[in-house]
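The values are calculated or read from the model by the stated rules, or taken from the named source; none is laboratory data. Keep in mind the model is a prediction, meaning the values are calculated, not measured. So basically every Cβ, Gly included, is an ideal-geometry build from the backbone, and we count neighbours across all protein chains shown. Areas reflect the complete protein model, heavy atoms only, side chains present, ligands, DNA and RNA absent. Shrake-Rupley method; radii C 1.70, N 1.55, O 1.52, S 1.80 Å.
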Amino acid sequence: MLKLNKSIVAASIATATLGASAVHANEIIHDAEHYILHAQSGERWAVEDKDLDAKLAELEARFGTKPNIIHYMWDDTPIGDVGIPEIQKVRGYETPVLNQMARDGANFMRMYTEPSCTPTRAAALTGRYAVRNGMYTVGFPYEYGGLPRSEVTIAEILSEAGYKTAFHGKAHQGDTEGGNMNEQGFDEAFWTPYNQVPSLYNARGQHGALAKGVLLPEMFPEDPYDMDPNWRPNGFVYALEGNKNGPVTEWGEPTEDFYYNIDREATDRTIDFIERSVEEGKPFYVAHWPTMASFLNIHPSDEFRTTNGSILAEGLTRIDEMLGEIQEKVVELGIEENTLIIAMADNGPMVSGGPVGMNETLYTGGKGMYTEGAVRVPMFATWPGMIEEGSVPGDILHVTDLFTTFARLGGAMDHVPTDRIIDGVDQTSLFINGDTYSRRDYVYIYTGDELGAIVKGRYKHHVAGAQKGLSGAEYYDLYADPRERVGMMLPMFPAKGMFTTMKTRHLMMIDAFPNIEQERAMPFLTVENPREEVERASQLRVDEETFPIDIREHLKNVKGYENIQEEWN
């Protein structure tokens, strides 16, 4: 009852003070803006939903199961770099599979993500902005943190609905138990706890790319002033594996050869998982999120496949080919008309401090920022007979919407948690009915735990660094100025109060349902086959008996470390 009351209170406050229409409390609690739209369009949505339910029921009767879902997501690619062969023509590479996918299904032109990889992946898994569960920073060895196990993932709710679930590839959800994908609802999982930066953590990386001695001081003359050589994160791992609630083991070793084989291993596992699921007559959900590339570019024994030759171009061609293998298996098994395949990037390009070859292309900015280039990504979806071929939706949707949409398609809405805000809205109508059928016209863009910008339809407000008192030129019309070149003040004053109210409603809901921080513990405590360096990483580097303060008692008072776990050491 407390959960329901909170929803009623939030809606009532909005009604009384901020212009929102009264709504009936739903089981699933969304952010306030959803109820603004629901008050205006709820009746139409209800009619649409009846038609959608009939279509989905007809499909289930035909195939005997709910639809299969394949979510294919990679890194750091701006909208325009895939799916548009005309751009690739003058960029020196090709992605024929992704380009064909854009023609065969829907090419979504306003898919918003979080600004970087860890937050987007947490948002996709939980249907919530990453700021709500503390996963708003990009993790590196050692993170001493992970996705809270109190979060409910799409794998957990689809499992409740009878799905087989698998995770293969880059999770980047931390090095604590919560970062383990087999502890987050997946029946089987093979995942990387970090991003691609550890691809540099080897002799070749230390020789050419890393600061001298920062990882492998033994490659250099002894530094007489280096008093703490174990300060370096030598206990990192590339990949872990495990089945639901079972033991976690390290896969391979942190060597270049193993790193370059992660995506091949993930693809083989995905294909095998699909085959086994079909044999068992079970619907399946697989998150296949390839690492795509090494920061050292291709393996020394490999050959360049593009004239572009950049890390991004070479990586895209390889994951394009692997996506083709997965598609071919779906066709071979005769399940393509009962399988939704989504392929997308997790955020924009790393244009600040990143490798050559990552470019803004259409929109300004990139990874880590709150401009459109950071959060608008390519996304394609195919589902023969359900998604219109060659369609180009211009509607806004957000990566969190995939959570709720997958739940709807899988008949798992009753398992979506109701004690927290779910940012994702059900976009089944947009996928099946197409352009103009979105149930979202707003996005809140966070950089870290700071609200960076708010989007409402064609308009945008840069909140971060906004001038106090009289507003500055911090408002944009994305139709007229898609690259956010010329901020406006006076011409956009009609929107000032509306954006301020949107922010207030958003903060009001946070007050009703407070954000939590990521779970904190020592890394890799549950790995059953730890190397000596990994085991050392999981131990405190001081003697608690002689340390002058209670470490746990005071660490939990440090911002970001409030959620220390019982098994923290």
Hits in the stretch 391-413 (condition: assigned to a strand (DSSP E or B) and either in contact with a helix residue (DSSP H, G or I) (Cβ under 9 Å, 6 or more places away or on another chain) or among the aliphatic types (A, V, I, L, M) (or both)): Leu397, His398
Filter pass, Glu303 being open to solvent by 20 Å² or more (accessible area, probe 1.4 Å), within 25 Å of Tyr285 (Cα to Cα) and not β-branched (Val, Ile, Thr): no
Residue under evaluation Lys468, criteria (1) in contact with a helix residue (DSSP H, G or I) (Cβ under 8 Å, 6 or more places away or on another chain); (2) open to solvent by 30 Å² or more (accessible area, probe 1.4 Å), criterion not met: (1)
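If you go through the stretch 549-569 one residue at a time, how many are of a type in the set (Asp, Glu) and surrounded by 13 or more Cβ atoms within 10 Å (Cβ to Cβ)? Before you say what the answer is, go through the steps one by one.
Initially, the stretch 549-569 is screened for residues of a type in the set (Asp, Glu), giving 550, 553, 562, 566-567.
Those left that are additionally surrounded by 13 or more Cβ atoms within 10 Å (Cβ to Cβ): 562.
Qualifying residue count for the region: 1.
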Unmet criterion (only one of (1) in a helix (DSSP H, G or I); (2) closer than 23 Å to Ser159 by Cα; (3) in contact (Cβ under 8 Å) with a residue 12 or more places away in the chain; (4) not β-branched (Val, Ile, Thr)) for Tyr259: (2)
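From Thr137, Thr126, Thr77, which residue is touching a residue at least 24 places away in the same chain (Cβ under 8 Å), open to solvent by 10 Å² or more (accessible area, probe 1.4 Å) and of a type in the set (S, T, N, Q)?
Numbers: Thr126 fails: open to solvent by 10 Å² or more (accessible area, probe 1.4 Å); Thr77 fails: open to solvent by 10 Å² or more (accessible area, probe 1.4 Å).
Only one candidate qualifies: Thr137.
Across the stretch 304-336, which residue is nearest to the chain's Cα centre (by Cα) among those that are of a type in the set (A, V, I, L, M, F, W, C), over 21 Å from Ile79 (Cα atoms) and assigned to a helix (DSSP H, G or I)?
Keep residues of the stretch 304-336 that are of a type in the set (A, V, I, L, M, F, W, C), which gives 304, 311-313, 316, 319, 322-323, 326, 330-331, 333, 335.
Going one step further and asking which of them are over 21 Å from Ile79 (Cα atoms), we end up with 304, 326, 330-331, 333, 335.
Of the ones still in play, those that are also assigned to a helix (DSSP H, G or I) are 326, 330-331.
Working: Ile326: 21, Val330: 24, Val331: 27 Å.
Once the filter is applied, the top-ranked residue is Ile326.
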Selection count where residues are of a type outside the set (Val, Ile, Thr), in a helix (DSSP H, G or I) and open to solvent by less than 60 Å² (accessible area, probe 1.4 Å), scope the stretch 179-207: 10
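Given the condition under 30 Å from Val248 (Cα atoms), touching an Asp or Glu at 6+ places or on another chain (Cβ under 7 Å) and open to solvent by less than 80 Å² (accessible area, probe 1.4 Å), answer yes or no: does some residue in the stretch 501-521 qualify? Walk me through it before giving the result.
Going residue by residue through the stretch 501-521, those that are under 30 Å from Val248 (Cα atoms) are 515-521.
Of the ones still in play, those that are also touching an Asp or Glu at 6+ places or on another chain (Cβ under 7 Å) are 517, 521.
Within this subset, residues satisfying the condition of being open to solvent by less than 80 Å² (accessible area, probe 1.4 Å) are 517, 521.
So far as the stretch 501-521 goes, yes, one or more of its residues are under 30 Å from Val248 (Cα atoms), touching an Asp or Glu at 6+ places or on another chain (Cβ under 7 Å) and open to solvent by less than 80 Å² (accessible area, probe 1.4 Å).
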Pair list, Cβ < 6 Å and 6+ apart or interchain, from the stretch 218-236 residues that are in contact (Cβ under 8 Å) with a residue 12 or more places away in the chain to residues that are open to solvent by less than 100 Å² (accessible area, probe 1.4 Å) and acidic (Asp, Glu): Asn234/Glu533; Gly235/Glu533
Residue in the stretch 147-155 that is in a helix (DSSP H, G or I) and under 16 Å from the mean Cα position of the chain (by Cα) present: yes
All positions within the stretch 511-554 that are outside any loop (DSSP other than H, G, I, E, B) and free of Cβ contacts under 8 Å to residues at least 24 places away in the same chain: Asp511, Glu532, Ile551, Arg552, Glu553, His554
Unmet requirement for Ile87, which otherwise passes all of (1) among the β-branched types (Val, Ile, Thr); (2) within 19 Å of Asp395 (Cβ to Cβ); (3) out of contact with any helix residue (DSSP H, G or I) (no Cβ under 8 Å at 6 or more places or on another chain): (2)
Single condition Thr428 does not satisfy, out of (1) within 24 Å of Glu337 (Cβ to Cβ); (2) crowded, with 22+ Cβ neighbours inside 10 Å; (3) in contact with a strand residue (DSSP E or B) (Cβ under 9 Å, 6 or more places away or on another chain): (3)
Breaking point among (1) open to solvent by 30 Å² or more (accessible area, probe 1.4 Å); (2) among the aromatic types (Phe, Trp, Tyr); (3) within 23 Å of the chain's Cα centre (by Cα), for Tyr479: (3)
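Here is a check on your reading of the model: is Ala287 in contact (Cβ under 8 Å) with a residue 60 or more places away in the chain, buried (at least 17 other Cβ atoms within 10 Å of the Cβ) and not in a helix (DSSP H, G or I)? Talk me through it step by step, then tell me what you get.
Working: in contact (Cβ under 8 Å) with a residue 60 or more places away in the chain: yes; buried (at least 17 other Cβ atoms within 10 Å of the Cβ): yes; not in a helix (DSSP H, G or I): yes.
Taking the combined requirement at face value, the residue satisfies it.
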Positions within the stretch 151-202 being in contact with a His (Cβ under 8 Å, 6 or more places away or on another chain), aliphatic (A, V, I, L, M) and under 23 Å from Ser538 (Cβ atoms), in sequence order: Ala189
Long-range neighbours under 9 Å by Cβ, at least six apart or interchain, first residue farther than 19 Å from Thr504 by Cα and touching a residue at least 24 places away in the same chain (Cβ under 8 Å) within the stretch 458-483, second in a loop (DSSP other than H, G, I, E, B) and among the polar types (S, T, N, Q): Pro482/Thr364; Arg483/Thr364; Arg483/Thr371
Subset of the stretch 533-542 that is charged (D, E, K, R) and either open to solvent by less than 80 Å² (accessible area, probe 1.4 Å) or under 31 Å from the mean Cα position of the chain (by Cα) (or both) - its residue that is nearest to Gly235 (Cα to Cα): Glu533
Qualifying positions in the stretch 153-181 - touching a helix residue (DSSP H, G or I) at 6+ places or on another chain (Cβ under 7 Å) and among the small types (Gly, Ala, Ser): Ala161, Ala166, Gly169, Ala171
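Taking the condition of being under 11 Å from the mean Cα position of the chain (by Cα) and more than 18 Å from Glu183 (Cα to Cα), how many residues in the stretch 116-135 meet it? Working first, answer last.
Pass one, the stretch 116-135, residues under 11 Å from the mean Cα position of the chain (by Cα): 116-130, 135.
After this cut, where a residue has to be more than 18 Å from Glu183 (Cα to Cα) as well, the list is 116-117, 119-120, 128-130.
Looking only at that region, the number is 7.
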